[in-house]
Amino acid sequence: MTAGVATSRSGRWAGPNGFARLVHAEWTKFRTVRGWVIGTVVAALLPVLVAVLAGVSSDQRGSQTVPVGPGGEPVTDSFYFVHRPLAGDGGMTVSVSALSSSIPSGPADLEPGTVPWAKAGLVIKQSTRQGSPYAAIMVTGGHGIRMQNDYVDDTAGPPGPASAATVRRLRLDRSGDAITGYASADGTHWTKVGTVHTSGLGPAVQGGLFVASPPAVDGRGTRGSVSTAVLGDLRGQGNWAGGDWTGTQVGPESPTFAGYPRNTSGSFTGAAGRLTVTGAGDMAPAVRETLPTGGTLGDLLTGTFAALIVVVVVGTLFIATEYRENLIRVTLAAAPARSRVLLAKAAVLGGVTFVAGLAGAAVAVPLGERLARSHGVYVFPVTASAELRVEFGMAALLATASVLALSVGTLFRHSAGAVTTVTVAVVLPYVLIANPFMPASVANWLARVTPVAAFAVQQTLVRYHQVTSNYTPYDGYYPLAPWAGFTVLAGYAVAGLATAALLLRRRDA
Amino acid sequence: MGRSRVASTATGPEPGAAYNRRHESISNSRLTAVSAPGIVVAGLHKRYGATLALDGMSFSVRPGVVTGFVGPNGAGKSTTMRVILGLDAVAEGTALIEGKPYRSLRHPLNHVGSLLDASALHPGRSGRNHLLWLAHSQGLAARRVDQVLERTGLAPAARRKAGGYSLGMRQRLGIAAALLGDPPVVMLDEPFNGMDPDGIIWMRGFLRSLAAEGRAVLVSSHLMSEVQDTADHLVVVGRGRAVADAGVAELIAAVSGNRVNLRTTAGTAATRVLTQAGATVTRAGGRDTLVVSGLPADRIVTLLGESAVPFSEVSAHRAGLEEVYLELTRDAVEFRAMTPTEAAR
């Protein structure tokens with residue numbers, strides 16, 4: 001059988017033109033009811049309106065600029081740096097015999113705790129400027145030895161912590177743009193952890209020791225932590241300038257702004273033989289929690305939800321009105337192939353909603369971004385393809401939800417019950433995941449199995465395994481990839497449509 | 001009902017059975033003459049829960065005549081029409097349009113035009129747009145929409161929202177929809193409902209003109225008076241089946257039977273004389289009129305003359321269609337008020 005051609009209920013050949021005629025008829029039906037057309041236009045305008053409101057409502061002009069890494073992404077670049085200038089190629093080695101962290105348990109109390117991504121080791125960095133390129137090898141609180149560079153890249157080295165019993169030795173060599181990290185347990189046998197290419201370092205870099213200690217996640221919030229490392233046997237190879245090591249707090253100078261717990265600050269004591277370095281902060285990509293003032297495209301498209309409700313109402317009425325007015329009998333007398341009638345309805349409704357949604361998104365996203373940026377709001381950057389995906393994703397989300405509403409409307413044959421059902425199926429999980437106090441496991445489960453999974457198409461934030469944070473839908477992180485989340489909603493719509501078609505064929509009209 | 005129960009007191013077979021038998025021979029002869037009549041319904045059975053909606057409904061509708069489809073509410077008229085249109089499924093039986101099941105028709109509106117419910121429209125859509133989507137579903141052009149609007153006289157109101165139409169205008173819109181595909185078969189359910197007298201007259205003429213164009217026209221009504229001046233042929237239904245299927249003239253003749261109207265001032269004496277001679281006598285509409293069955297008119301005259309009972313007139317009894325209808329459907333009316341006679345018991 002040719003694709004796109006189905007047989008009628010009686011099994012007879014219905015012809016390729018039949019479906020196009022049904023689509024034409026359903027389109028005529030749709031466009032000739034003013035309320036549906038207005039509803040669709042409103043659904044397109046709501047995201048634009050909300051994006052404009054979001055864009056103009058917050059004024060952050062004059063606030064601190066967000067540090068941006070070499071890749072253009074926002075970064076956290078705040079740590080304690082014990083450094084000297086290094087001209088040209090060279091390297092250094094160090095031993096780490098302790099890395100301990102403290103987390104405040106009360107206003108004035110610090111208690112020892114585990115900070116898995118506390119870091120202590122060697123770093124070669126273009127400068128002490130925030131966001132400058134770097135490469136580092138380090139011991140971590142809970143993830144063994146790692147080699148990281150330019151904020152986003154992370155390579156695992158030998159596992160295990162550093163202690164007096166298991167002293168970890170680290171080595172970092174620069175040769176042009178290539179920086180190689182090594183690890184050793186005895187100072188004789190070195191294991192290469194990785195070689196990374198960091199462009200833009202320039203001829204003279206700052207090299208030395210660093211300690212960072214990212215905030216510990218505590219329920220919905222975080223608590224600033226501080227970590228102290230004991231490092232020894234510091235040796236340099238190459239053209240190291242200057243006689244003394246300099247201690248610098250990279251990033252905000254005020255300990256409070258740099259993320260230190262009360263009454264603590266970054267410091268180093270001792271000499272090259274044995275140094276004790278205390279630091280807080282992180283060298284890592286920024287996430288929602290570390291950049292709470294940053295906006296996302298998803299934030300700008302909050303109006304999608306309002307549009308969704310309008311679309312659900314229109315989609316339900318598109319069929320429920322036919323039942324209410326007994327018009328369904330006229331429809332089915334004119335076209336006895338019932339499944340095809342339903343498909344034609346779905347095609348028209350989904351198509352119209354998709355076009356409206358795409359038009360709304362194509363205006364809302366750039367306009368909202370522009371307004372927000374002109375008001376000094378930092379918007380998490382996205383690639384052009386991700387922005388297109390967000391726009392098409394919103395259109396697809398609305399279109400698919402309208403088809404789901406049409407299906408449920410067909411099942412119920414009654415608008416009130418169908419609108420309530422679909423709205424509850426979408427609104428309830430949406431409200432639950434929008435609640436910051438919802439446990440992450442529940443919120444993520446809801447965003448996996450309910451229709452709101454489709455909101456993943458608006459996700460532009462990236463989840464980093466090397467950054468501990470609350471990754472929940474509330475923060476803009478969805479458990480499913482964008483189109484995988486959309487597929488969940490599409491699954492509901494397809495199942496709904498199939499059930500509706502089955503019942504429509506079985507029931508007396 | 002003031003009228004006496006003629007048929008039930010008459011001896012002989014049930015009138016309905018007689019018409020059915022008669023009809024079988026008629027329809028058989030017609031079937032040989034006409035290859036595929038407009039609508040052929042055969043042995044429809046349908047049940048809604050405990051209620052038997054259709055119980056062997058069978059009849060056919062010929063082209064070129066208006067067939068009245070009459071019966072009390074709940075007798076199965078609308079259900080039958082929905083079955084013909086493929087909207088409702090049946091447990092048994094077939095309904096064919098020009099020899100084919102409705103659901104096999106590729107563009108059904110080119111074969112059957114139907115009006116089931118004049119209110120079946122979206123109130124926010126104009127009449128013209130209502131017809132337009134129907135036309136598009138059949139691949140018909142907008143020009144055809146304007147033609148049927150002209151023909152039904154709805155053109156001036158065509159661009160107004162249908163929600164504001166009177167019932168009469170909705171009926172016209174429904175007729176316009178039925179005519180879109182210029183179908184050889186037209187089927188209308190209660191088209192006279194809610195029409196004003198002008199509308200009823202228009203509708204009658206319109207139905208006749210459709211039949212005159214050679215179309216098979218089936219018109220249902222629960223009131224015989226609405227169709228008796230329009231229909232050439234009647235299918236009377238009760239309790240889910242056709243109790244009569246015959247021409248209007250045949251039907252009247254058959255119900256009238258060989259009964260005689262007797263006008264006399266000495267009703268009691270006449271009844272006694274004629275009953276002794278084996279006749280059945282009942283009192284008819286007029287105060288002085290008796291209906292006599294079982295004796296020919298000349299024998300009645302002789303008997304009354306011998307017994308010196310005065311009378312002023314003896315004539316063949318001629319039943320009205322309304323009476324025919326009531327007789328045929330008496331058993332089929334599910335909820336009817338008791339007659340005075342029954343109430344007196």
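The values are calculated or read from the model by the stated rules, or taken from the named source; none is laboratory data. Here the structure is a predicted model, which is why all the values come from computation and not from measurement. Heads up, the Cβs are rebuilt from the backbone with ideal geometry, glycines too, and the neighbour counts pull from every protein chain shown. For accessibility, only protein heavy atoms count, side chains too; no ligands or nucleic acids. Shrake-Rupley method; radii C 1.70, N 1.55, O 1.52, S 1.80 Å.
Hey, which lysines would be in cross-link range of residue A:192, C-alpha to C-alpha under 22 Å, not counting anything within fewer than 8 residues on its own chain?
Residue A:192 reaches A:119, A:125.
Within region A:219-305, report the chymotrypsin sites (Phe, Trp or Tyr not before Pro) that DSSP leaves as loop and that have at most 13 other Cβ atoms within 10 Å.
On the way: sites: A:240, A:245, A:257, A:268, A:305; in loops: A:245, A:257.
The qualifying sites are A:257.
Starting from the Cα of residue A:20, step 7 Å along the direction of its Cβ; do the same at residue A:191; then give the gap between the two resulting points in nm.
Once both label points are built, they end up 6.7 nm from each other.
Mind putting a number on the dipole of chain A about its Cα centre? Charges go on the C-beta only, +1 for Lys and Arg and -1 for Asp and Glu, and I need it in Debye to the nearest 20.
Values: 37 positive and 27 negative charges, 428 e Å.
It comes to approximately 2060 debye.
If you place +1 on the Cβ of every Lys and Arg, -1 on the Cβ of every Asp and Glu, and leave all else neutral, what size is the dipole of the protein assembly as shown about its Cα centre, to the nearest 20 Debye?
Numbers: 75 positive and 57 negative charges, 331 e Å.
With Lys and Arg at +1 and Asp and Glu at -1, about 1580 debye.
Along the charge dipole of region B:35-165, pointing to its positive end and built from +1/-1 on Cβ of Lys, Arg, Asp and Glu, which listed residue (B:113, B:137, B:67) has its Cα farthest out?
Checked the options; the winner is B:137.
Under 11 Å from the Cβ of residue B:248, count the other residues' Cβ atoms, weight Lys and Arg +1, Asp and Glu -1, and hand me the total.
Details: positive: none; negative: B:229, B:232, B:250.
Taking every Cβ under 11 Å from that of residue B:248, the sum is -3.
Would you kindly compute the Cα radius of gyration of the protein assembly as shown and its largest Cα-Cα separation (Dmax), both in Å?
Taking only Cα atoms of the protein assembly as shown, I get Rg and Dmax of 44.3, 159 Å.
Show the residues, 5+ positions off or on another chain, whose built amide H is closer than 5 Å to the amide H of residue A:193.
The answer is A:181, A:182, A:183.
May I ask you to list the trypsin sites (Lys or Arg not before Pro) in region A:194-267 that are in a DSSP loop and have at most 15 other Cβ atoms within 10 Å of their Cβ?
Within region A:194-267, the qualifying trypsin sites (Lys or Arg not before Pro) (loop, at most 15 other Cβ atoms within 10 Å) are A:220, A:262.
Cα atoms only, chain A: Rg and Dmax in Å?
According to the Cα coordinates of chain A, Rg and Dmax are 29.4, 95 Å.
For chain A, what does the helix formula give at 222 nm: sum of -39500 (n - 2.57) over DSSP H segments with n ≥ 4, over the residue count, nearest 500 deg cm²/dmol?
Working: 10 runs with 194 residues, N = 509.
After summing the helix terms and dividing by the residues of chain A, the value is -13000 deg cm²/dmol.
At 0.36 nm per residue, and after removing the present C-alpha to C-alpha distance, how many nm does the segment from residue B:288 to residue B:167 gain when stretched out fully? Display every interim value, and only then the final one.
Numbers: separation 121, 0.36 × 121 = 43.56 nm, distance 4.42 nm.
Residue separation times 0.36 nm, minus the Cα-Cα distance, leaves 39.1 nm.
So what J values fall out for region A:234-249 if you push phi through Karplus, 6.51 cos²θ - 1.76 cosθ + 1.60 with θ = phi - 60°, rounded to Hz, Gly and Pro as x?
Running phi through 6.51 cos²θ - 1.76 cosθ + 1.60 with θ = phi - 60° gives 6, 10, x, 10, x, 8, 7, 9, x, x, 10, 7, 10, x, 10, 8 Hz.
In the protein assembly as shown, what percentage of the DSSP-assigned beta bridges are antiparallel, given to the nearest 5?
Working: 128 of 147 bridges.
So the antiparallel bridges amount to about 85 percent of the total.
How much accessible area does residue A:254 have with a 1.4 Å probe, in Å² rounded to the nearest 10?
Roll a 1.4 Å probe over it and residue A:254 shows about 50 Å².
Using a 7 Å offset from the Cα along the Cα-to-Cβ direction at both residue B:150 and residue B:223, what is the distance between the two label points in nm, to one decimal?
3.4
Counting only other residues whose beta carbon sits under 15 Å from that of residue A:441, what net charge do I get with K and R as +1, D and E as -1?
Details: positive: A:220, A:448; negative: A:475.
Cβ neighbours under 15 Å give a net charge of +1.
For region B:92-98, just list the computed ³J(HN,Hα) in residue order, Karplus coefficients 6.51, -1.76 and 1.60, θ = phi - 60°, integers in Hz, with x standing in for Gly and Pro.
8, x, 9, 10, 10, 9, 6
Which FRET efficiency, nearest 0.05, do residue B:141 and residue B:100 yield, Cβ-Cβ r, R0 35 Å?
Values: r = 25 Å, r/R0 = 0.72.
Computed FRET efficiency for residue B:141 and residue B:100 comes out at 0.90.
Hey, can you grab everything whose amide H is under 5 Å from the amide H of residue B:242? Only 5+ residues off in sequence or another chain; H modelled, so Pro and N-termini drop out.
Here the answer is B:58, since their amide H atoms fall under 5 Å of that of residue B:242.
I want the local charge near residue B:173. Using Cβ-Cβ distances under 14 Å, sum +1 for each Lys or Arg and -1 for each Asp or Glu among the other residues. Please report the intermediate quantities before stating the final value.
On the way: positive: B:125, B:128, B:151, B:159, B:160, B:161, B:170, B:172; negative: A:325, B:117, B:146, B:150.
Every neighbour counted, the sum reads +4.
How long is the gain from residue B:272 to residue B:299 if the chain were fully straight, where each residue apart is worth 0.36 nm and the alpha carbon distance is subtracted? Display every interim value, and only then the final one.
Details: separation 27, 0.36 × 27 = 9.72 nm, distance 1.49 nm.
Separation in residues times 0.36 nm, less the Cα-Cα distance, equals 8.2 nm.
What whole-number distance in Å separates the alpha-carbon centres of region B:66-124 and region A:316-388?
36
For region A:292-382, what ratio Rg/Rh do Cα atoms give with a Kirkwood hydrodynamic radius?
Using Cα coordinates only, the ratio equals 1.22.
Convert each backbone phi in region A:118-130 into a coupling constant with the Karplus relation 6.51 cos²θ - 1.76 cosθ + 1.60 (shift: θ = phi - 60°), then list the ³J(HN,Hα) values in order as whole Hz, x for Gly and Pro.
Per residue, the Karplus-derived 3J(HN,Hα) values read 5, 10, 8, x, 10, 9, 10, 9, 3, 6, 7, 5, 5 Hz.
Report the FRET efficiency, 1/(1 + (r/R0)^6), for residue B:50 and residue A:384, where r is their Cβ-Cβ distance and R0 is 45 Å, rounded to 0.05. Intermediate results must be reported in sequence, preceding the final value.
Numbers: r = 67 Å, r/R0 = 1.48.
Efficiency computed from Cβ-Cβ geometry: 0.10.
Label region B:258-316 by shape, choosing from rounded, prolate and oblate, from the square roots a ≥ b ≥ c of the eigenvalues of the Cα gyration tensor; if a/c is under 1.5 it is rounded, and otherwise prolate applies when a/b is larger than b/c, oblate when it is not. List each step's numbers first, then the result.
Working: a/c = 1.31, a/b = 1.09, b/c = 1.20.
It comes out rounded by the Cα gyration axes.
Evaluate the charge dipole of region B:258-316 about its Cα centre and quote only its size in Debye, nearest 20, assuming +1 on the Cβ of each Lys and Arg and -1 on the Cβ of each Asp and Glu.
Working: 6 positive and 4 negative charges, 39 e Å.
Dipole magnitude for region B:258-316 comes out near 180 debye.
Restrict the search to region A:238-334; then list the GluC sites (Glu not before Pro) that DSSP places in a loop and that have at most 16 other Cβ atoms within 10 Å of their Cβ. Write down the numbers at each step before the final one.
Details: sites: A:253, A:289, A:322, A:325; in loops: A:253, A:289, A:325.
Those that pass, being in a loop and sparsely packed, are A:253.
For chain A, what is the accessible area per residue in Å² when the probe is 1.4 Å? Display every interim value, and only then the final one.
Numbers: 20180 Å² over 509 residues.
Here the per-residue accessible area is 40 Å².
So how long is each side of region A:341-492 along the principal axes, counting just the alpha-carbon atoms, biggest first, in Å?
50, 34, 24
So if each residue of separation counts as 0.36 nm, and I subtract the Cα-Cα distance between residue A:274 and residue A:484, what length gain in nm does that give?
70.4 nm
Using a 10 Å cut-off on Cβ to Cβ distances, tally the other chain neighbours for every residue of B:94-106 and report the average as a whole number.
Values: counts 0, 0, 0, 0, 0, 0, 2, 3, 3, 9, 7, 4, 10.
If you average over the peptide's residues, the count of other-chain Cβ atoms is 3.
Which value, in Å² rounded to 10, gives the accessible area of residue A:363 with a 1.4 Å probe and all protein chains present?
Near enough 70 Å² of accessible area.
Which FRET efficiency value, to the nearest 0.05, is calculated for residue A:498 and residue A:34 with the Förster distance at 22 angstrom and r the Cβ-Cβ distance?
In this case the efficiency is close to 0.10.
Name the residues whose placed amide hydrogens come within less than 5 Å of the amide hydrogen of residue A:98, ignoring near sequence neighbours (fewer than 5 apart) on the same chain.
Those qualifying (amide H under 5 Å, at least 5 residues apart or on another chain) are A:230.
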